[in-house]
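Step one of this worksheet: look at the structure below.
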Amino acid sequence: MRVYRGTDYNDMSRKAANILSAQVILKPNSVLGLATGSTPLGTYKQLIDWHQKGDIDFSDVTTVNLDEYAGLSKYDVNSYHYFMKQNFWDHVNISPERTHIPDGTAADAEDECLSYDNLIAGIGGIDMQLLGLGNNGHIGFNEPGASFDKDTHIVKLSDMTIEANKRFFEREEDVPRSAYTMGIKSIMQSRRILVIANGVHKSEILKKAFFGPVTPSVPASVLQLHNDVTLVGDVEALSLI
Ligand code: F6R
């Protein structure tokens, strides 16, 4: 594992964007696995900025997102589809047909999971997967206790995740109780993984995930078993390692 320390959130975001843009420059038709949440916002902002300056071209890139809330349509302002359009896709020259995310309103959830796995396999797998780190060690929506051996599936969200995500919703009752997520097996099949984390509130879980035992009770700890992981954090998140 490589660890890069950013002086602050902006520096962390710039370093992460540099790594993603190097991936795209070296392989213009890369498949990028993307994440939502607060952590990647600065990374996306930086990539948009470089794109607008003509430094990075996404025209051959394909993206697959980690997860989506079950029950929310892509037009719902709280859906991850909407988040991706607002914060990244609509600002770069990525073709909408090459942006993929589970359909929160799919009639048949199992079928949707299977189709998503087939889609990822059909585009040749993920070259670089971007991951944020949940306060409880989750990656995607793979919550503590999740099996390391699952592809895309539906999960019930833990109380801690509902609590953490309610900041995006008007009322806590509006936070969906379940979501589609790539499984840990899908994530581990990515050729390269880029984890980003900022803030002192992530420092303990980050230490546990990367320097504690590999255990389903800290889902991100599985990343210790991957042979190409890059961790980019700000000084606060990395303060205990
Ligand atoms: C988002 C995702 C989640 C987040 C995690 C951290 O697509 O899969 O696992 O990466 O909850 O969220 P933030 O960045 O908001 O701290």
Over the range 158-192, the set of residues in contact with a His (Cβ under 9 Å, 6 or more places away or on another chain) and part of a loop (DSSP other than H, G, I, E, B) is 158, 182, 183, 190
Out of 206, 157, 194, report the one residue that is within 22 Å of residue 113 (Cα to Cα), of a type in the set (A, V, I, L, M, F, W, C) and within 13 Å of the ligand (Cβ to nearest atom).
157
Yes/no for residue 140 being touching an Asp or Glu at 6+ places or on another chain (Cβ under 9 Å), within 14 Å of the ligand (Cβ to nearest atom) and either modelled with pLDDT under 95 or closer than 14 Å to residue 33 by Cα (or both):
yes
Qualifying positions in the range 193-213 - out of contact with any Asp or Glu (no Cβ under 7 Å at 6 or more places or on another chain) and not in a helix (DSSP H, G or I):
194, 195, 196, 197, 212, 213
Suppose we filter the range 71-102 for residues that are touching a residue at least 24 places away in the same chain (Cβ under 8 Å) and either in a helix (DSSP H, G or I) or within 21 Å of residue 59 (Cβ to Cβ) (or both); how many remain?
15
Hey, among 127, 103, which residue is more than 22 Å from residue 160 (Cβ to Cβ), away from the ligand (no atom under 16 Å from the Cβ) and either in contact with a Gly (Cβ under 9 Å, 6 or more places away or on another chain) or of a type in the set (Asp, Glu) (or both)?
127
List the residue pairs whose Cβ atoms are under 6 Å apart, where the first residue sits in the range 126-146 and is in contact (Cβ under 8 Å) with a residue 40 or more places away in the chain and under 13 Å from residue 210 (Cα atoms), the second is in a loop (DSSP other than H, G, I, E, B) and more than 10 Å from the ligand (Cβ to nearest atom), and the two are 6 or more positions apart or on different chains.
137/218
For the range 158-187, pairs from a residue that is small (Gly, Ala, Ser) to a residue that is within 11 Å of the ligand (Cβ to nearest atom) and in a helix (DSSP H, G or I), with Cβ under 9 Å and 6 or more apart or across chains, are 179/80; 179/161
If only one of 157, 225, 240 is within 26 Å of residue 64 (Cβ to Cβ) and modelled with pLDDT of 95 or more, which one is it?
225
List every residue pair whose Cβ atoms lie under 7 Å apart, where the two residues are 6 or more positions apart in sequence or sit on different chains, the first residue falls within the range 31-58 and is within 26 Å of residue 182 (Cα to Cα), and the second residue, located anywhere, is basic (Lys, Arg) and modelled with pLDDT of 95 or more.
46/14
Quick one: would you say residue 49 is within 13 Å of the ligand (Cβ to nearest atom) and of a type in the set (D, E, K, R)?
no
Residue tally, condition in contact with a strand residue (DSSP E or B) (Cβ under 6 Å, 6 or more places away or on another chain) and either crowded, with 22+ Cβ neighbours inside 10 Å or not in a helix (DSSP H, G or I) (or both), over the range 19-39
6
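The values are calculated or read from the model by the stated rules, or taken from the named source; none is laboratory data. This one's a predicted model, so the numbers in the text were calculated from it and none came from an experiment. Note that we place each Cβ from the backbone using ideal geometry, even for glycine, and neighbour counts take in every protein chain shown.
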